[in-house]
Each structure stands twice: as structure tokens, then as C-alpha cells.
Amino acid sequence: MTDATPPALVRTFLVDDHRLFLAGVQAELEGRVDVVGTAVDVDSAVAGILESDPEVVLLDVHLPGGGGRAVLQAVLAARPDVRFLALSVSDAAEDVIGVIRGGARGYVTKTIGPDELVAAVERVRDGDAVFSPRLAGFVLDAFAGESPAPAPNPDLEQLTPREREVLRLIARGYTYRELAQRLEISVKTVETHVSAVLRKLQLSTRHQLARWATDRGVV
């Protein structure tokens with residue numbers, strides 16, 4: 001009697017612009033999936049994925065060079081069989097819906113544990129759609145037509161994705177320190193983003209910023 005052959009590890013590519021987080025995820029997944037490559041921006045992600053031909057890509061939403069959707073568009077045009085699972089600090093409905101419309105098979109937040117993440121990768125490889133519990137409702141509502149897309153806001157369109165995320169969290173009452181911890185950036189970087197948002201929206205204080213966002217439903 002021979003031992004059963006263990007299932008092959010999922011060939012997985014990791015994309016995240018936070019190098020420390022990327023290294024941590026790679027260490028947690030070591031030996032549980034087959035990490036075939038990593039990248040920290042759009043261009044290196046696209047090149048690395050096309051070269052290494054993974055089964056599943058763990059993809060951050062906000063990346064230098066165009067964001068996660070740019071990676072989805074470039075890769076899926078050439079390799080439609082590659083499956084994407086978004087792994088992001090953001091739990092904003094627009095981010096979730098955006099990458100799912102772009103072709104991702106699921107979306108989980110960075111609060112997920114290692115065991116759950118490995119299971120999510122395997123399920124996406126097998127064709128399932130995987131979401132952190134509260135995020136599934138965003139997708140169901142969007143594709144059921146219950147959440148019509150908001151009208152374009154010229155003021156918001158001039159902000160970068162990260163600036164919009166900072167704006168949203170300020171409106172929710174986060175302090176600069178809390179915001180920095182949530183986004184895994186420094187307090188000084190948060191201050192830089194807030195200053196840019198204030199300048200672009202022609203506002204003077206974070207309190208005006210919070211009121212502006214609340215009045216326009218940017219929460």
C-alpha cells in the first residue's frame with residue numbers, strides 16, 4: 001500500500017507595495033502555497049505574473065502605477081485563466097466592487113488570519129468566489145442593481161485613490177495615528193496626504209474636510 005500523493009501547492013504570486021507586509025505574508029504562506037514571485041508596483045506585477053504563470057495572484061488594491069485594476073486588465077487580456085484574490089486594508093465598497101468588476105474572484109481584508117488566507121487562495125484556485133463576510137453584501141447589492149453608481153464628482157476625481165481613502169477615514173473620525181496604523185504608513189505620510197487633499201479641495205482644516213466628505217456621502 002502506497003501513501004497518497006499530497007495535493008500540489010497553489011502556485012501563487014504576491015503583489016503589495018508595502019514591502020514589510022509583503023515579506024510577512026510570504027513568510028506566513030511559506031510551505032503552504034508555492035510562492036512563485038512578488039511585486040510592489042503595477043509594471044513589475046504584470047511582468048512577473050506573465051513570466052511566472054501563477055494559478056492565483058494575491059493583489060493589493062492600491063499600487064503605484066495605476067492600482068490593482070491596471071494589473072487585472074493587463075494580465076487578464078493575455079492570461080484569462082489566472083485567478084485574482086484582492087488582499088487589501090481597504091473595506092470601502094467602491095474598492096471591492098471596482099476590482100470585482102475588473103475580474104478578481106474575491107476580496108479579503110488584511111485582518112484575515114494565515115489559515116483563512118491559505119484556504120481562500122485554494123478556494124479561488126478551485127473556482128470559488130471568496131469574500132470577507134461584510135464585503136459580500138457590497139458585491140451582491142452592486143450586481144443586483146441595488147447600489148447604483150454615484151454620479152461622478154469632479155472634486156473627488158482629482159484625488160488619487162490613496163487620497164480618497166484618507167479622506168474617507170478622516171470623515172469616519174480616525175485620528176492621524178489611527179489612520180497611519182490602518183493604512184500601514186507613517187503619520188508624516190498621512191499628514192502629507194491630508195495636506196494634498198485640503199489643497200485640492202480648497203479647504204483649510206481637517207474638520208472642514210470631514211464635513212465636506214460627510215455632506216457628499218464619502219464615508
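Observations
- Being closer than 25 Å to residue 183 by Cβ and without any contact (Cβ under 8 Å) to a residue 24 or more places away in the chain is a condition met by no residue of the range 46-66.
- Residue match in the range 84-96 (condition: β-branched (Val, Ile, Thr) and at pLDDT 80 or above): yes
- Helices (runs of 4 or more DSSP H) lying entirely in the range 31-127 (those with 3 or more residues that are open to solvent by 40 Å² or more (accessible area, probe 1.4 Å) and small (Gly, Ala, Ser)): 68-78
- One residue stands out in the range 128-149 among those that are of a type in the set (A, V, I, L, M) and open to solvent by less than 100 Å² (accessible area, probe 1.4 Å): the one that is modelled with the lowest pLDDT, namely 149.
- In the range 151-197, the qualifying residues are those that are open to solvent by 10 Å² or more (accessible area, probe 1.4 Å), among the aliphatic types (A, V, I, L, M) and not in a helix (DSSP H, G or I), and the one that is farthest from residue 94 (Cα to Cα) is 185.
The values are calculated or read from the model by the stated rules, or taken from the named source; none is laboratory data. Fair warning: this is a prediction, and the values are worked out from it, not measured in the lab. Don't worry about glycine lacking a Cβ; one is built from the backbone with ideal geometry, like all the others, and counts go over all protein chains shown. With ligands, DNA and RNA removed, areas are computed over all heavy atoms of the protein, side chains included. Shrake-Rupley method; radii C 1.70, N 1.55, O 1.52, S 1.80 Å.
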